[in-house]
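First up is the structure itself, then whatever we jot down about it.
Nothing in this text is a laboratory measurement; each read-out follows from the coordinates by a stated rule. A quick note: this is a predicted structure, and the numbers were derived from the prediction, not measured. Because the Cβ atoms are built from the backbone with ideal geometry, glycine has one as well, and the counts that use them run over all protein chains shown.
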Amino acid sequence: MAGDVAAAWTAVERLGRERRPDGSPPWSIRPLFAADPARFARFSRRGGDLLLDFSKTAIDQRALSALLALAEAAGVEAWRDAMARGEAVNATEGRRALHMALRAPQGAVPANGGPEVAAEIQATLARMAAFTRAVHAGAMRSAGGEPFAQVLNIGIGGSDLGPAMAYQALAGPDSPLPVRYLSNVDGHAWRELLPSLDPRRLLVLIASKTFTTQETMANARLVKAWLAEALGGEDRAAQHLVALSSNLSACAAFGIPPERVFAFGDYIGGRFSLWSAIGLSLALGLGWERFAALLAGARRMDEHFLTAPLAENLPVLLALVEVWHVNALGLRRRAVLPYDERLRRLPAHLQQLEMESLGKRVSLAGEPLARHSGPVVFGEPGTSAQHSFMQLLHQGSEPVPADVILIARPDHPWRRQHLILLAHGLAQTEALLSGRDADSLRAEMMRAGAGPAEIERLLPHRVLPGERPSVTILLPRLDPTTLGQLIALYEHKVAVLGALWGINPFDQWGVELGKQLAAPLLEELESGRPDPARHDASTLGLLEEILRLQREA
Ligand code: F6P
């Protein structure tokens, strides 16, 4: 088995280095289109409502076969099934990864963690639905006896990014309640929100799996004190608080009664948790039916992931494209470009989902990895991205693969705006592929009246090399069902990459050190007395300078 995997990796990596039989370099894409008029059909797949087009990459039939052989040798299907069955695939924390169970219909096979997990999840969903309906109906009221009119979700990382992204994507004029998200501990974030909040009618969700995250708890205390002051006491403030957490004792200690706590098990990772109690802001902000449709959409992708053969399986193929770019071609950055302003928080969600999961340097066995793992992921919605960083994708010194997400039908009446948006999205993928050669540019410049010297001076600057890969994901429209599919597609892609790279995509030990080091620094900032023995010269110097500047004020 290990030998098979090593051989499969060698085959993939060799294809990334060697010229193809027709003499073209392994990274070139244009010759593949020239040689195969059916390339789009051959290198695109449908799953649920989504279309994944990876024909604008340098993957040819030989590369695809080698990548699929790698997926087989690495045991991707067995890993997927073990995750779905509820084995402790998060080995370093001894935990299961059961986010699929959150959206599984009752009695789903594989068992997604067994009947106790299913019962726990169904019970929480039922409580969330009842709570949501009670809030919307005005049966659940504020301390002053008024219906709640606004929701504030306090959370960070997975307790913020997924719900905030989905709310941004799906909220519209008919949404039942406006939701605001407070994430950063920066007081400026709170100050920015304050004018839009009415404490008398505000329902506050404290979203934290651990209920110990310093930033979230500091914001929760700040908001609780503000509520208490505005409403006339802590008891009255408590009537506005809800906790979304797996740490029930900490919720109780914070003063939130059990009937206001919505729990989820430690088998749900933060960045996979928007489908759990952590998604309550979505249920409140979008309505229960739309939240349920989001779960159903994710389930649709789960079913595809669990049953489609590797060669047809969208998450597997998306993961294999990443392996091709990172490991065969050495491209260790990727841009995410949703051509839909409603998806403007998607890059932020994917940054956490992918980089917190795949930013690992040792294998499950604790050995240094033999090859690179997760790439840097960044993004911005199109067309805005075109006017910021796309220059680098077109002419930078190395290619950066892009995921371009297109939505066929808009939910607004301005047809021409949408057609312009789509034209630009398609044009970017076309420009990345085709580039602009010197001959056609020369002709164009001559037609525009430029002289020969001027043309030759400018040509090198104006040529676009092309041959830059992109993957396009096409959705018929953006609604809860398709968004659920899209997010689950990326979740499963991450899990598949964990199996391919042999890493644990469900832990995040790397973020702990900074949290530990912040504690003594906070003490020193509070006391105004830095401890030179504790710090390197730079940190000490900065600390002293900050204290000096603060004293000056
Ligand atoms: O610090 C990283 C992290 O642990 C994320 O994995 C998680 O989503 C985030 O912090 C928030 O954690 P919690 O929900 O426990 O407050």
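A few notes on this one:
- The HN-Hα couplings worked out from phi for the stretch 10-24 by the Karplus form 6.51 cos²θ - 1.76 cosθ + 1.60 (θ = phi - 60°) are 4, 4, 5, 5, 5, 4, x, 9, 8, 5, 6, x, 7, x, 6 Hz, whole numbers, x standing for Gly and Pro.
- Protection-proxy order for peptides 425-435, 386-396, each taking the mean of Cβ atoms within 10 Å per residue, highest first: 425-435, 386-396
- Amide H to amide H distances under 5 Å link ARG95 with ASN90, where only residues 5 or more positions off or on other chains count and H is placed in the peptide plane.
- Net charge dipole, the chain: roughly 980 debye, given to the nearest 20, about the Cα centre with Cβ charges of +1 for Lys and Arg and -1 for Asp and Glu.
- Rounded to 10°, Cα long-axis angle of helix 76-85 versus longest principal axis of the chain: 20
- Centre separation in Å (Cα based) which lies between the stretch 497-525 and the stretch 158-213: 24
- Relative contact order of the chain, taken over Cα pairs closer than 8 Å and 6 or more residues apart, is 18 percent.
- Our summary gives the stretch 441-553 a relative contact order of 11 percent, counting only alpha carbon pairs under 8 angstrom and 6 or more residues apart.
- Percent of Cα pairs exceeding the 35 Å cut-off, where the set is the chain: 43
- Rough spin-label spacing in nm, given labels placed 7 Å along Cα→Cβ, for THR307 and GLU454: 6.4
- Per residue, the convex hull spanned by the alpha carbons of the stretch 287-370 comes to 157 Å³.
- Formal net charge of residues neighbouring SER24 (Cβ-Cβ distance under 13 Å; K, R +1; D, E -1): -1
- Among 488-494, 414-420, 284-290, sorting by the average number of other beta carbon atoms lying within 10 angstrom of each residue, highest first, gives 488-494, 284-290, 414-420.
- Packing-based order for 331-338, 29-36, using average beta carbon neighbours within 10 Å, highest first: 331-338, 29-36
- Cα gyration tensor shape of the stretch 453-553, rounded if a/c is under 1.5, else prolate or oblate by comparing a/b with b/c: oblate
- Less than 5 angstrom separates the built amide H of ARG334 from those of VAL376, VAL377, PHE378, all sequence-distant by 5 or more or on a different chain.
- Entry for the stretch 99-294 at q = 0.10, 0.11, 0.12 Å⁻¹: log10 I(q)/I(0) = -0.37, -0.45, -0.54, Debye formula applied to identical alpha-carbon scatterers, no solvent contribution.
- Taking 7 Å steps out from each Cα toward its Cβ at GLU545 and GLN239 produces label points 5.1 nm apart.
- Couplings 3J(HN,Hα) of the stretch 329-340, computed from phi: 9, x, 9, 10, 9, 8, 9, 10, 10, x, 8, 6 Hz, in residue order, whole Hz [Karplus 6.51 cos²θ - 1.76 cosθ + 1.60, θ = phi - 60°; x for Gly and Pro].
- Remark: the stretch 238-251, residue by residue, has Karplus-estimated 3J(HN,Hα) of 4, 5, 9, 9, 9, 10, 10, 6, 9, 9, 5, 5, 5, 5 Hz, where x stands for each Gly or Pro and the curve is 6.51 cos²θ - 1.76 cosθ + 1.60 at θ = phi - 60°.
- Projecting the Cα atoms of LEU194, LEU421, ALA385 onto the charge dipole of the chain (Cβ charges, centred on the Cα centre) puts LEU421 farthest toward the positive pole.
- Surrounding net charge for ALA74, when Lys and Arg each add one and Asp and Glu each subtract one, Cβ distance under 15 Å: -3
- In plain terms, the bigger the Kirkwood radius, the slower the diffusion; for the stretch 1-106, with that radius from Cα pairs, at 4 °C and 1.567 mPa s, Stokes-Einstein puts D at 78 µm²/s.
- FRET E, pair ALA139, VAL511, Förster distance 30 Å, beta-carbon r, rounded to 0.05: 0.15
- Nearest 10 degrees, 0 to 90: helix 415-434 Cα axis against the chain principal axis: 50
- Degrees separating the helix 61-73 axis from the principal Cα axis of the chain, which is the longest one: 40
- Normalised contact order of the stretch 99-294, rounded percent, pairs of Cα under 8 Å and 6 or more residues apart: 28
- Residue-averaged 222 nm ellipticity for the chain, from DSSP H runs of 4+ at -39500 (n - 2.57), nearest 500: -14500 deg cm²/dmol
- Inter-probe distance in nm under a simple model that places probes 7 Å from Cα toward Cβ, at ARG14 and ALA443: 4.2
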